Amino acid sequence: MVTSSAPGKVYLFGEHAVVYGEPAVPCAIERRARVTAEEIDEGLVVHADDLQLDGFTVEYVGDDTDHPDVDAENSLVEAATGYVNEAVAQVRDAADAPDAGFEIWIESDIPLGAGLGSSAGVACAAIDAGCRELGVELPRAEIADRAYQVEAAVQDGEASRADTFCSAMGGAVRVEGDDCRRLEGVGNLPFVIGYDGGAGDTGELVAGVRELREEYDFAADTVEAIGDIVREGESVLGTEDTETLGELMDFNHGLLGALGVSSRSLDTMVWAARDAGAMGAKLTGAGGGGCVVALDETDAALTALKYTPGCDEAFRAALDTEGVRAE
Ligand code: PMV
């Protein structure tokens, strides 16, 4: 029996624009998904009753999402089981063991579907644990690539490499199309995260931006302007200039709002953090609901978020530098 874990992430800059070939900078955070894998004679048994999702106490047995234990009304449950199925397919392929059976346990302290890369964490940890259980140790870059294949399969091709590369490698990374690399020399950033307890529908939000971009040149320009923010942000990342980083985060949030992917609760949390003196704050991930990330060296933004109506949970998250690892 082997356990592996992989971190979640926040987007410092660039979500949505990354879908159109602009660069993005996600940063891995010290909140992890843990997957335990044990080889069994055949088939797949998944226990995922500890995920942070209301009412998700599924013990899913079998390879198919039509199984009666899977509540088909709940698309997040379907998606979570889909990620495990696809990850196990990658393990069987990587280890050249097409008939390997597994019992899998998933635990995660990354809120699901909230812009913190929970599915990428589960995919990376599941691939690493499954492979190690079969005696195969994959390089991190291969785990990143295989986890990307998992997300692409579950999300009908609508996935960038950002989440999976970041979760596998750890640290701050830069993703532009298929070109993914780790940004060296980035020290800890004082991330504070606010979570409204909800989740946005990534597919719908991505489709909404796509439509706006096709309809209006200024929406296409907005996407390009987000790319400019990322390029500007990269030049100050790794320096002492967190003030400029914060300013660019604020700018990035404004442009995401213009593209229609923020929400009242996300805006409220962003303003609560800024009013408390955060250097900058923005939504992270697809938007529509979920999480915001602020930069704050004091505990003022953290305390303010805790008392902000609509903020379910607020926490600090250090930059993770390890990526996927065996526990
Ligand atoms: O909400 P998340 O963490 O899945 O991030 C989605 C980020 C998008 O840029 C909107 C889509 C993508 O696949 O890059």
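Tabulated data for the structure shown
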quantity: Selection count, segment 171-200, where residues are farther than 28 Å from ALA304 by Cβ, outside any strand (DSSP E or B) and within 16 Å of the ligand (Cβ to nearest atom); calculated: 2
quantity: Residue within segment 104-111 that is within 16 Å of the ligand (Cβ to nearest atom), among the β-branched types (Val, Ile, Thr) and part of a loop (DSSP other than H, G, I, E, B) present; calculated: yes
quantity: Residue match in segment 211-225 (condition: touching a residue at least 40 places away in the same chain (Cβ under 8 Å) and not in a helix (DSSP H, G or I)); calculated: no
quantity: Matching strands (runs of 3 or more DSSP E) fully within segment 240-327 where at least 3 residues are free of Cβ contacts under 8 Å to residues at least 12 places away in the same chain; calculated: none
quantity: So ALA120, is it within 12 Å of the ligand (Cβ to nearest atom), closer than 19 Å to ARG32 by Cα, in the same structural domain as ILE226 (by TED's automatic domain parsing) and touching a helix residue (DSSP H, G or I) at 6+ places or on another chain (Cβ under 9 Å); calculated: no
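Residue-wise test of (1) within 16 Å of the ligand (Cβ to nearest atom); (2) in contact with a Pro (Cβ under 6 Å, 6 or more places away or on another chain).
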site	(1), (2)
VAL2	no, no
LYS9	yes, yes
GLY21	yes, no
ALA24	yes, no
ARG34	no, no
ASP41	no, no
LEU44	no, no
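The values are calculated or read from the model by the stated rules, or taken from the named source; none is laboratory data. Computed from a prediction, not measured in an experiment: that's the story for all the values here. Methodologically, a virtual Cβ is constructed for each residue, glycine included, from the backbone with ideal geometry; neighbour enumeration extends over all protein chains shown.
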